[in-house]
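What follows is a set of notes on a single structure, which appears directly below.
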Amino acid sequence: MRQAVILGLCFGVLGAMMVAPPLSGQSGEIVMISYAGPSQEPHRFYLVEPFQQAHPGLTVRLVPDEAGEYVARVQAALAASRPSPVDLAPNGEPPHLRLIGLGLLERTNTDLVPNLKLAYQAFVEKSQGYGVPATYSLIGIAYNSQKVTKVPTSWKDLWDPAYRGKVGLTSSSSNLGLGFLVAAAKMNGGDEANLEPAWQAIRSLQPFVIAPNPTALAQLFEREEIVIAPLWSTDAAVLASKGLPIKFVKPQPGAIAIVSFLSIIKGSQFTQIAHELLNRVLSEEYQSKAAAKPYFFGPTNVKVAVPPEAADYIPTTLNEIRRLQTVNWPVIVPVRAAIVERWNREFAR
Amino acid sequence: MNVELRGVTKRFGETTAIDDISYAVPAKRLVTLLGPSGCGKTTLLRLVAGFAAPDTGDVLLGGEVITHVPSNQRQIGMVFQNYALFPHMTVERNVSFGLRMRHAPASLVARRTEETLDLVGLRGLRDRYPHQLSGGQQQRAALARALAIQPRVLLLDEPFGALDRKLRLQMQVDVKKIIRQLGITTVFVTHDQEEAFTMSDLIAVMNAGRIVQSGAPMEIYDKPKDSFVADFVGGSNFIPVEVAEVAQDGLNLRHGTVVFAVPWAADMLVGQRAVLVVRPENLRLVQAGQGSGGLAATVTFVRPIGPLLEFEVETATGMRLKVASVRARDALPFSLGDAARVELADPQACTVFAV
Amino acid sequence: MRSPRVGTWHQAELAAPAVVFLIIFLAIPLLLLFAFGLVDIRAARVVPGSWTLEHYARILGDPFYYRIFLRTFWMGLGATIFCLLFGYPVAYLFTRVGPAARQVLLVLILAPLLTNAVVRTFGWMIILGGQKGLINALLLRVGLIDEPVRILYTMSGVLIGLTQIQLPFMILPVIAALEGQDRSLQEAAAGLGATWAQTFFHVVVPLSMPGVLTGSALVFVISYTNFAVPALLGGGSFAVIPTFIFEQISALLQWNNGAVLSSLLLGTAMVMLWLFNRASARLLRWTR
């Protein structure tokens, strides 16, 4: 009898623990995915802080995640009919398309985002109605100007034997890795649909150092593990602002531009109020701060001018903007899993 | 091979474990260090074995100073109190350990191990692990292991302590026989006087870091040098007395109104306080009404232990005495509460110490 | 005296919460994990009635995964060997020093367990990372190498990291085994003519085997299944099963692959533990 009571109590307590909804969804805490390291600062200082001042009851928690690790958690929560553990997330074009395909993004109610009128319409179209184009960044070549004396001008310069073993890459599960893969394909006569030349080329680049994510790649520059790597303009800018001899070039035939969309996640308990964050991210205030030193995020607001010192990182002239390379992501995204698997089989050590 | 200690002192912090001992163990003899726990006897053994170094003084083996020779070069066999058999080795591996560590030729190792196992009667158990052996078998294995290296000296540290009484008595005899057969110089440590008497050629009684008396076992028993030895070895009654008369051939010692006459001379003065030491078996109980002299007493405890009867009596003067006598079959001459007289059986066999 | 039956009942009562806890948080999830490999999972939802062996067959039929499992095994074994090589002398030292030195040693031994992962990762970067890393600086200074060697993002780096955090799991059981040893055994060995080294290798080490084996089993299993260290110090595309599981689920949403690989990781770990236990039992026949 007594055993039954004890057993019952145990199950009762544990059952209650499992059934009770997580408190975070109710306490007025909005969870937003962000970048790692200093790149997170524009979100923190110019988006979250003003928002929290305007809404004293609400807090926004920024969770660094560069590899889209949150997606699996969102998917699991939705499959179990639980609220999403994440409310907003910035996604580059490839994951943006992927998440639309998975049905994990909330459609934007344009009435709640008046600033959308100020955004470049080409970028807005790319969002397909999910989220807003928050910023754009370039994938180019970052190099250590003390170790690399010949200024690189083309992606081909990564294959210079002088840098053997000192080239850094990220795996093709990241946007950076995917973008570089496409660039390598195009440079060698392939394209989005024919990546074989890229695999050949990257194989001949071995040995290289594979970082788990762009922030780690930036750290490798700091510790002089690598001297040259394809990198985001924003990460290169942060490194340079720390006084490191890191320079960024937009290689021939042009740097790759990737738009980052800030979107509301399906299953969020805060869809209404989250639209205000989407509106704020498009505001002149946020856009001009994010475009300024040392972040140099490309502004998507037509009214925000690119500051002159950003010239190394963001295209400032029409000519430059024309030369930006874009990737036909709808071709790449559906085969992403196969690309990652190919990468692992080729290069996993 | 003889062992000699010269002015050896060993301190542990504030306490002096060994206090300036000089002593020689004659070759091929079995000497027992007998004393209460904490008297320093085990420390002395460890100094000889080389597990500790004296603060001052020297240890000699066969006339050679070995004070600073490490224990693994002394070739001394030791049997530990808990046997210290290597639990992860079979009996055979234990016994052959010393030889193997010396890189003795395999044939020699095999032969000597065989011989030693035969000597202690463990041949059939050679493949057992120590935990598969009984206490007595472990003890034999430990002895065999010590003997296999053909030690110059054998040291035994309370080796029978963990055995039950019957087995202990048997092992004492067996070990003594083996040692006698091998003719090996042996130092044996115990606090058990019976064990000491069974085993020893010579006994050195230790107290508080010193050797207080040494000699043949019976000599120690019959002529204790002081009251500690008299008490520790065999047990004694201590009767406080005053010297009443000093004569050419004897003393008269008075306890209360009773006078004991002892038939030997001593360097004492009339009126001096002394203590008369009497072994229990040297006292005799007499029926209260019969004869005269002796101490009036009441029987307060009776302990019939097989061949002996032991009484505890309380004298009219308030003294407790132990009396022992051979028990006759079916006879119990005194019972609890009986009144009796206590007499000296053999005045010759008493000792007197001045106080 | 209480009858054994009464005692058993009371023990059962005491163990009830733990048993319930284990059933809910260990047994059920493990069964689910295993089952997830036997059904189709789409968008994190089990497709009803889709029982299939296809996922297991796909992975078990692919030599690529055998290679990764083998690498994972070497990682676990390497960490175990290094922990033993570095941990044993520390444990031995611990049993030889006075109480004050023990206090200091104990804090040093436990330190890896007390630091948090962020601090530790930062420390590793400083020690292992690049030209400026402590290890490279030291090796260059001593003249053992002419050029900085890459440690970060290599198996060596991962093994260094694993060894560092896993050391306490080796040292503590070995200390326990050494402390339990009767000192008179070492005296007995010396008395029988054994040198220090002979005593150490013929008496001290064999008698500490129970601790060594416990520590090795712990370190191996924790290293074999470790995710954090290979993820942080192995760099991108460091192929061991735990990082692979993570990538399958978090980057690729391949829940089936994740479940199959997790089950296989757990299964192989259990089989190895079982084999190890059998081998240990043979080695420790002398214990009661």
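Of note:
- Among the DSSP helices (H) of chain C, those spanning at least 30 angstrom by Cα along their long axis with an average Kyte-Doolittle hydropathy of -0.5 or more are C:63-94, C:155-179, C:255-283; this is a geometric and hydropathy rule only.
- Heavy-atom surface analysis with a 1.4 Å probe gives the protein assembly as shown a carbon and sulfur content of 59 percent of its accessible area.
- For segment A:145-193 and segment A:229-268, distance of Cα centres in Å: 15 Å
- Scanning chain A for long hydrophobic helices, with DSSP H runs required to stretch 24 angstrom or more by C-alpha along their axis and to average at least -1.0 on the Kyte-Doolittle scale, returns A:2-19.
- 3J(HN,Hα) from dihedral phi, segment B:137-145, Karplus parametrisation 6.51/-1.76/1.60, rounded to Hz, x for glycine, proline: 5, 4, 4, 5, 4, 5, 5, 4, 4
- Estimated FRET transfer efficiency (B:THR15, C:ASP182; beta-carbon r; R0 22 Å; 0.05): 0.35
- Karplus-derived 3J(HN,Hα), 6.51/-1.76/1.60, for each residue of segment B:85-90, Hz, glycine and proline x: 6, 6, x, 8, 10, 5
- Residues considered: C:LEU218, C:LEU265, C:LEU14. Largest GNM mean-square fluctuation over chain C, using C-alpha springs under 10 Å, is found at C:LEU14.
- The distance linking segment A:66-105 with segment C:207-227 is 39 Å (Cα centroid to Cα centroid, whole angstrom).
- Here chain A is treated as a Stokes sphere of Kirkwood radius computed over C-alpha pairs; at 25 °C and 0.890 mPa s its diffusion coefficient rounds to 115 µm²/s.
- Efficiency of FRET between A:GLU29 and A:ARG323 - r from beta-carbon atoms, R0 30 angstrom, step 0.05: 0.10
- Segment B:15-55-segment C:76-144 distance, computed between alpha-carbon centres (Å): 46 Å
- Of the residues C:PHE86, C:LEU178, C:VAL46, the one whose Cα sits farthest toward the positive end of the charge dipole of chain C, with +1 on the Cβ of Lys and Arg and -1 on the Cβ of Asp and Glu, is C:LEU178.
- Between C and B, accessible area buried - total, square angstrom, nearest 100, 1.4 angstrom probe: 2000 Å²
- Loop-located trypsin sites (Lys or Arg not before Pro) in segment C:99-181 (DSSP state other than H, G, I, E, B) with a sparse environment of at most 14 neighbouring Cβ atoms within 10 Å: C:LYS132.
- Computed on chain A, with alpha-carbon pairs under 8 angstrom and 6+ residues apart, the relative contact order is 25 percent.
- B:GLN248-C:ALA15 pseudo-label distance in nm [points 7 Å out on the Cα-to-Cβ vector]: 9.2 nm
- Within the listed set C:PHE34, C:PHE227, C:PHE25, the Gaussian network model of chain C (springs between alpha-carbon atoms below 10 Å) gives the highest mean-square fluctuation for C:PHE25.
- Peptides ranked, highest mean first, by Cβ atoms within 10 Å: ranges A:317-328, B:230-241: B:230-241, A:317-328
- Candidate aspartates and glutamates for bridging to A:LYS303, where Cα separation is under 15 Å - those fewer than 8 sequence places away on the same chain excluded: A:GLU284, A:GLU285
- Computed E for B:ARG303/C:ALA100 - FRET, C-beta separation, R0 35 angstrom, nearest 0.05: 0.05
- Heavy-atom accessible surface of B:ARG128, to the nearest 10 Å², is about 100 Å², with a 1.4 Å probe and all protein chains retained.
- Averaging the sequence gap over all C-alpha pairs within less than 8 Å and six or more residues apart, then dividing by the number of residues, gives segment B:3-232 a relative contact order of 29 percent.
- For the residues of A:158-170, the average number of beta carbons from a partner chain within 10 Å of their own beta carbon is 1.
- Solvent-accessible area of B:ASP226 with every protein chain in place, 1.4 Å probe, in Å² to the nearest 10: 50 Å²
- Cross-link reach list, lysines versus A:LYS156, counting only Cα pairs under 22 Å and skipping chain neighbours closer than eight places: A:LYS147, A:LYS166, A:LYS186, A:LYS247, A:LYS250
- Largest accessible area first, the residues B:ARG126, B:ARG6 order themselves as B:ARG6, B:ARG126 under a 1.4 Å probe with ligands, DNA and RNA left out.
- Projecting label points 7 angstrom from Cα along Cα→Cβ for B:LEU336 and A:GLU346 puts them 10.2 nm apart.
- With contacts taken as Cα pairs under 8 Å at a separation of at least 6 residues, segment B:237-354 carries a relative contact order of 29 percent.
- Chain A - mean residue ellipticity at 222 nm from DSSP helices (-39,500 (n - 2.57) per run, n ≥ 4, rounded to 500): -11000 deg cm²/dmol
- Once the Cα-Cα distance is subtracted from the 0.36 nm per residue extended length, the B:SER292 to B:ARG123 segment shows a gain of 54.4 nm.
- Solvent-accessible area buried by C and A, counting both chains, probe 1.4 angstrom, square angstrom: 3700 Å²
The values are calculated or read from the model by the stated rules, or taken from the named source; none is laboratory data. Predicted model only: the values in this text are computed from it and were never measured. Note: ideal-geometry Cβ built from the backbone for every residue, glycine included; neighbour counts use all protein chains shown. Ligands, DNA and RNA are stripped out before the accessible areas are found, and what is left, the full protein with its side chains, is counted by its heavy atoms. Shrake-Rupley method; radii C 1.70, N 1.55, O 1.52, S 1.80 Å.
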